[in-house]
Amino acid sequence: YSLKDAVLFLDHLRDGSYWQGYYWSITERLGDLYRLLAIVKSACGIDCLDPKEHPYVANIGRWLLYGADIAQKRIIYNYGDGEMVNFDSTRVYIPLVISAGLARDPQVEWLARQIEPEGSNWFVEFFYHDRSVPAIGPSGLPPSRAFPGTEMVVMRSGWGGTDPWASVRWCDWFDMHGHPDVGSFTLYCRGPVAPDTGFYDRGIYHGYNYYTRTVAHNTITVRDPAAKEPLNDGCQRKRDKRTWSFALGTDAWLYHQNEFDRGKLLAFETQGLYDYCAGDGTRAYRPELVKEFVRQVVFLRDGVFITFDRVEAPRAGLEKRWLMHFVGEPVVDGKAIATQVKGHIEDYDGSLSISRGKNGAVVRCYSLLPAQRIIRKIGGAIPNVPVATLCRVPRATQRMGTGSR
């Protein structure tokens, strides 16, 4: 990855968040970046580690803190090509001690000491860890926080091991390691219950046809039932071109911000009993499919997560789909009214879906609006799926990792 304009980009994300989710590169290499910026300061006096002028590195600890499941000892964020990461990784500890020292942040220092590896590396302790920072637990912090750099909101019931956690984001498009997931949410309680789905794969089939597309996320698709193109499922716009990570000159997002501007966090409010956020994801879709997509969310502290979506399409015949991915197979109330593939694609006329997570958490999804709706359950590993029911996928022309076609 190029460091071209790195400070400019990190200043764009001043709150410490990262557009790819918990992606290994920024955290695993933060120690290198910290030393490089310290050398720059020593050589020419430009202090890119100043927590007021250039606060990204100082703030990354708060971003990690709000994404931490302290009981399960891991970071939850899994947007884009990121993934959940266990506390025993140096990818977590090193960014925390660097951030705590720069920001003099006692809550981040507390988290770092909770996960301090046995026999800590002397180099890390000597160069990065300022043990004069006091360690104070996060119970005094608001449990919810907005991160405007990546247009994301994290909402928690509290800091305990069984407290529900939710995130919603309206992130712009920066690079192929991000996904077209504007307006998507994730739900977590003792483990993922409504996650981003799929997995990072260096092959092309899973990545290009599912994982990096909107159908893998908990948001909206709008499709034209009469369209002829093969992958006609109403996904958000995607740009199959590297833009930031290889710093391709005028192809970079910096020079095309109107094109890359996909979402906008409009409002965030946190109170004692609830959190509220709203965002606009209209620009994430092709204009011939979507005129307006605004998602509003209320999160009640006792674990009730309410979404209200205002979706307007240019034509009445366009089909709107509200996507939610479960960990455990959902049970849907009502009766089955249609079956495309038995046990795999089934339609119901109900309003309630119930799914169990892996660690005992249960999520109940009630559909309140629209009044006329169909719940389609899709999934399940079954043999001998009829070929006629599968979507034909064009042969891919992109080679992963080359940055070109």
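When a/c reaches 1.5 or more, the comparison of a/b and b/c decides; with that in mind, is segment 246-354 rounded, prolate or oblate per its Cα gyration tensor? In terms of gyration-tensor shape, oblate.
Per DSSP H run of at least 4 residues, take -39500 (n - 2.57); add these up for the chain, divide by its residues and hand me the 222 nm value, nearest 500 deg cm²/dmol. Working shown, then result.
Numbers: 8 runs with 71 residues, N = 405.
After summing the helix terms and dividing by the residues of the chain, the value is -5000 deg cm²/dmol.
Farthest towards the positive end of the charge dipole of the chain, among the residues Ala194, Ala226, Thr150, is the Cα of Ala226, using unit charges on the Cβ of Lys, Arg, Asp and Glu.
Between Leu300 and Lys228, full extension at 0.36 nm per residue minus the direct alpha carbon distance yields a gain of 21.6 nm. Accessible area per residue was computed with a 1.4 Å probe on protein heavy atoms; Lys238 scores about 70 Å².
The accessible surface of the chain, taken with every protein chain in place and a 1.4 Å probe, is 54 percent carbon and sulfur.
The Kirkwood radius of the chain, taken over pairs of alpha-carbon atoms, gives through the Stokes-Einstein law at 10 °C and 1.306 mPa s a diffusion coefficient of 70 µm² s⁻¹. The mean of 1/r over all pairs of different alpha-carbon atoms in segment 331-372, once inverted, gives a Kirkwood hydrodynamic radius of 11.7 Å.
Is segment 294-350 rounded, prolate or oblate when judged by the Cα gyration tensor, a ≥ b ≥ c being the square roots of its eigenvalues, rounded requiring a/c under 1.5 and prolate requiring a/b larger than b/c?
Verdict is oblate for segment 294-350.
Comparing Ile136, Thr307, Ser42 along the charge dipole axis of the chain, the residue lying farthest to the positive side is Thr307, per the Cβ-charge model. Were the residues from Ser132 through His256 laid out at 0.36 nm apart, the gain over their Cα-Cα distance would be 40.2 nm.
State to the nearest 20 debye the size of the charge dipole of the chain about its Cα centre, where the only charges are +1 on K and R beta carbons and -1 on D and E beta carbons.
Taking the Cα centre of the chain as origin, the dipole is about 1000 debye.
In percent, rounded to a whole number, the relative contact order of the chain is 12, using alpha-carbon pairs under 8 Å and six or more apart. Under a straight-distance cross-link criterion of Cα-Cα below 23 Å, which lysines are reachable from Lys264, leaving out those fewer than 8 residues away in the same chain? Output for Lys264: Lys238, Lys241, Lys291, Lys320.
By the rule of a C-alpha distance below 21 Å, with chain neighbours fewer than 8 residues away ignored, the lysines paired with Lys342 are Lys377. Just so you know, the averaged projected area of the alpha carbon convex hull for segment 105-152 sits at 4.7 nm². The residues of the chain have, on average, 49 Å² of accessible surface per residue, using a 1.4 Å probe with all protein chains present.
Only helices at least 20 Å long along their axis, Cα-based, and averaging -0.5 or more on Kyte-Doolittle count here, so list those DSSP H runs from the chain.
Those that clear 20 Å and a mean of -0.5 are 30-44.
Under 16 Å of direct C-alpha separation, and excluding same-chain neighbours fewer than eight residues apart, Lys228 reaches these aspartates and glutamates: Glu288, Glu319. Projecting label points 7 angstrom from Cα along Cα→Cβ for Arg286 and Leu141 puts them 4.2 nm apart. Between Phe308 and Ser89, the contour length at 0.36 nm per residue exceeds the alpha carbon distance by 75.0 nm.
Once both labels are positioned 7 Å from their Cα atoms along Cα-to-Cβ, the gap between Ile337 and Leu368 label points is 2.2 nm.
The values are calculated or read from the model by the stated rules, or taken from the named source; none is laboratory data. If you're wondering where the values come from, they're calculated on a predicted model, not measured in any experiment. Neighbour counts run over all protein chains shown; Cβ positions are idealised from the backbone, glycine included. These accessible areas exclude ligands, DNA and RNA; they are computed on the full protein's heavy atoms, side chains included. Shrake-Rupley method; radii C 1.70, N 1.55, O 1.52, S 1.80 Å.
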